[in-house]
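Peer 1: Would you mind keeping the following structure in view while I ask a few things?
The values are calculated or read from the model by the stated rules, or taken from the named source; none is laboratory data. No experiment lies behind these values; they were computed from the predicted model shown. Here the Cβ positions follow ideal geometry from the backbone for every residue, glycine too, while neighbour counts run over all protein chains shown. The protein model used for the area step is the full one, side chains on, heavy atoms only, and it has no ligands, DNA or RNA in it. Shrake-Rupley method; radii C 1.70, N 1.55, O 1.52, S 1.80 Å.
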Amino acid sequence: MNVEEGKRIEALRRVPLFSSLPPDQIALLARYTVTRQYQKGVMALAEGAEADSLYALLAGSVKVTKSDEEGEEVILSILKPGDFFGEMAVIDEHPRSANIVTLEPCEMVVVEKNEFMKCLAGNFDLTVLIMRGLVKRLREADKRIESLALVNVYGRVAQMLVEVSEPVGTLRMVNKKLTRQDIARMVGASREMVSRVLHDLAEGDYIRMDGRRIILRDKLITYANELGRARSS
Ligand code: CMP
């Protein structure tokens with residue numbers, strides 16, 4: 001094995017989707033894998049394009065978007081290191097269902113479609129992980145539909161902040177490079193409305209703004225969780 005192959009195997013092992021593969025399978029797949037670096041703001045996949053690969057994120061974050069001819073955009077999801085994408089068009093052989101745009105500099109592993117499908121056919125564990133990934137997306141999409149139909153903008157912003165936040169020490173924080181416009185495109189509201197909601201949430205001590213970072217107070221997490229509970233009870 002040469003150094004390049006070793007690096008590609010290492011890259012695949014860092015992705016939870018592939019980490020359960022036996023060593024011989026990972027080594028085989030690595031022959032059909034490349035790693036790629038992307039700058040911020042680059043469209044890595046375009047809706048409607050033909051698919052030839054599956055991707056996994058090693059570093060950075062991306063947004064999954066759909067847009068119309070006027071450039072209006074809706075953000076379906078934000079993906080983080082360890083997440084995979086591009087599996088839908090690889091599996092159903094339809095065009096890419098959405099755009100993938102980098103929110104910051106990213107590193108990705110790119111696995112050739114046919115080799116991935118062969119690997120999937122021979123590995124039940126991998127098949128289950130892909131199914132779990134798809135089910136997770138369906139659950140999240142169901143939640144979004146429910147939230148758009150039944151929750152007001154304050155609640156939608158609160159739920160979205162909790163969803164994309166990460167623990168940092170004892171705090172929960174939204175560290176991602178999200179603009180007000182990005183938040184608006186995730187919750188289906190105008191940028192002005194989102195600015196007003198964030199201002200009010202900060203005034204009410206539900207959140208604290210720290211430059212581009214948003215620190216979530218327990219009060220906000222309780223509020224968002226209660227919205228979810230009220231609707232499911
Ligand atoms: P594919 O259709 O090949 O290319 C676009 C990718 O975006 C798609 O595969 C999925 O990996 C990803 N994607 C599409 N819709 C969603 C969603 N609602 N949530 C998260 N990821 C998605």
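Peer 1: Rounded to two decimals, what ratio of Rg to Rh does the range 1-101 give with C-alpha atoms and a Kirkwood Rh?
Peer 2: Expressed as Rg/Rh, it is 1.01.
Peer 1: When the Debye formula is applied to the Cα atoms of the range 62-127, each taken as the same point scatterer, what base-10 log of I(q)/I(0) results at q = 0.26, 0.27, 0.28 Å⁻¹?
Peer 2: Listed by q, the Debye log ratios stand at -1.23, -1.26, -1.29.
Peer 1: While we're on this one: What whole-number value in Å² describes the accessible area per residue of the range 1-114 for a 1.4 Å probe?
Peer 2: Accessible area per residue: 51 Å².
Peer 1: For the range 61-191, what number results from the quotient of the Cα radius of gyration and 2.2 N^0.38 Å?
Peer 2: Working it through for the range 61-191, the quotient is 1.17.
Peer 1: A follow-up question, please. Using the alpha-carbon atoms, what tilt in degrees (0 to 90, nearest 10) does helix 218-232 show relative to the longest principal axis of the chain?
Peer 2: 80
Peer 1: Related question: Please determine, in degrees from 0 to 90 and to the nearest 10, the orientation of helix 191-203 with respect to the longest principal axis defined by the Cα atoms of the chain, where the helix direction is its Cα long axis.
Peer 2: 70
Peer 1: Give me the dipole magnitude in Debye, nearest 20, for the range 4-124 about the Cα centre, with unit charges on the beta carbon: positive for Lys and Arg, negative for Asp and Glu.
Peer 2: For this selection, approximately 580 debye.
Peer 1: For the chain, what is the calculated [θ] at 222 nm in deg cm²/dmol (nearest 500), taking -39500 (n - 2.57) for each run of four or more DSSP H residues and dividing by its residue count?
Peer 2: One gets -15000 deg cm²/dmol as the mean residue ellipticity at 222 nm.
Peer 1: Same structure again: Treat the chain as a sphere of radius equal to its Kirkwood radius over Cα pairs and apply Stokes-Einstein at 4 °C in a medium of 1.567 mPa s; give the translational diffusion coefficient in µm²/s, rounded to a whole number.
Peer 2: The diffusion coefficient I find is 68 µm²/s.
Peer 1: Moving on to the next point. Using Cα positions and a limit of under 12 Å, work out the aspartates and glutamates in reach of residue 40, with same-chain residues fewer than 8 apart set aside.
Peer 2: Straight-distance partners of residue 40: 104, 107.
Peer 1: Using a 1.4 Å probe on the protein chains only, how many percent of the accessible area of the range 29-152 belongs to carbon and sulfur?
Peer 2: Reported share for carbon and sulfur atoms: 54 percent.
Peer 1: Could you work out how far helix 153-164 tilts from the main Cα principal axis of the chain, as a 0 to 90 degree angle to the nearest 10?
Peer 2: Computed tilt is about 40 degrees.
Peer 1: Quick one: Debye curve from the C-alpha atoms of the range 143-208, no solvent, what's log10 I(q)/I(0) at q = 0.24, 0.25, 0.29 Å⁻¹?
Peer 2: Taken in order of the listed q values, log10 I(q)/I(0) reads -1.13, -1.20, -1.42.
Peer 1: Check cross-link reach from residue 118 to the lysines: straight Cα distance under 25 Å, and skip same-chain residues fewer than eight apart.
Peer 2: Once the sequence-local lysines are set aside, what remains near residue 118 is 7, 136.
Peer 1: State the percent of C-alpha pairs, over all pairs in the range 118-233, separated by a distance greater than 23 angstrom.
Peer 2: 37
Peer 1: Right, something else. Could you work out the relative contact order of the chain, using alpha carbon pairs under 8 angstrom and six or more residues apart, expressed as a whole percent?
Peer 2: Relative contact order of the chain: 18 percent.
Peer 1: Right, another one. If amide hydrogens are placed 1.01 Å from N in the peptide plane, which non-local residues have theirs closer than 5 Å to the one on residue 42?
Peer 2: Distant-sequence amide H within range of residue 42: 102.
Peer 1: For the range 27-133, state which trypsin sites (Lys or Arg not before Pro) are in a DSSP loop and have at most 16 other beta carbons lying within 10 Å of their beta carbon.
Peer 2: Here the sparse-neighbourhood loop sites are 31, 40.
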